[in-house]
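A short write-up of the structure that comes next.
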Amino acid sequence: MFSFQFVFLETVITAVLDAAPSTRNYKPVVAAVLGAILFLLGLPMCTGAGIYWNDLMNTFSASWSVILVGLIEAFIVAYVYGARRFMNDISMMLGNGCYRLTNPFWYLTWFITTPLLILGILIFTFYRYERPKSQGIFFPVWAEILGWVIAVSTVLIAVIPGLYNVYRYMRGDIATIITPDPSWGPALDQYRTGRYASQKSEPMSGKTFANAVNNPVGYPGVYKPYESGYPNRSFDSSTHL
């Protein structure tokens, strides 16, 4: 169980480094600061009420909110990005082979089975909701409210930025939000095969990379790809998400 903590901490560190590229040269410092913060946040678990805090977190942080996020992800993959695009991406990475024979199964799974099953689980979770308790003792009202705040916050942290980007980039045409940009695809040319083969890429320096990450209308990733025939294509806020 202890080894998992390295994975969890590395996930948080990576998110911070991606959000603030200027901190990349100070990764040990970032890791130390985050480790200290998480250590302090974990101290209440070591008190006499630690088991109650743990049960409160387990009840709300990994319940309906995780299911709802999974439902949103399934919907986006199948109906926004598109199951056909997703399937072509997998074929590009793994090759066609026998995978082509299983295409109907994946279409059925991504379009119908998975969203319906997750939606059913979500509805059943709310239907079976009971006032939470720990060690046979019901949580006080303030603790239950805190639990709902924790659950809602895990969803809003993804929903709010998404709605903000919809508001920021949409110019009366929803297609600009749900259509992948031409720069989308593998970062390295050697992996740009299949439908990405017609695209080229131009390496970015470390400084340019930092500017691109900080600039919401710049090119994402370490490479800035552009379609053949459009080397001077401008990625403004109305065309790039």
Any residue at all in the range 19-26 that is open to solvent by 80 Å² or more (accessible area, probe 1.4 Å) and touching a helix residue (DSSP H, G or I) at 6+ places or on another chain (Cβ under 6 Å)?
yes
Report yes if some residue within the range 102-114 is closer than 30 Å to Thr193 by Cα and in contact (Cβ under 8 Å) with a residue 40 or more places away in the chain; otherwise report no.
yes
Considering only residues that are closer than 26 Å to Tyr79 by Cβ, aliphatic (A, V, I, L, M) and touching a Phe, Trp or Tyr at 6+ places or on another chain (Cβ under 9 Å), which ones fall in the range 122-151?
Leu122, Ala151
Exactly one of these conditions fails for Arg131: (1) surrounded by 12 or more Cβ atoms within 10 Å (Cβ to Cβ); (2) in contact with a helix residue (DSSP H, G or I) (Cβ under 8 Å, 6 or more places away or on another chain). Give me its number.
(1)
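The values are calculated or read from the model by the stated rules, or taken from the named source; none is laboratory data. If you're wondering where the values come from, they're calculated on a predicted model, not measured in any experiment. Don't worry about glycine lacking a Cβ; one is built from the backbone with ideal geometry, like all the others, and counts go over all protein chains shown. Heads up: the accessible areas ignore ligands, DNA and RNA and are worked out on the full protein's heavy atoms, side chains in. Shrake-Rupley method; radii C 1.70, N 1.55, O 1.52, S 1.80 Å.
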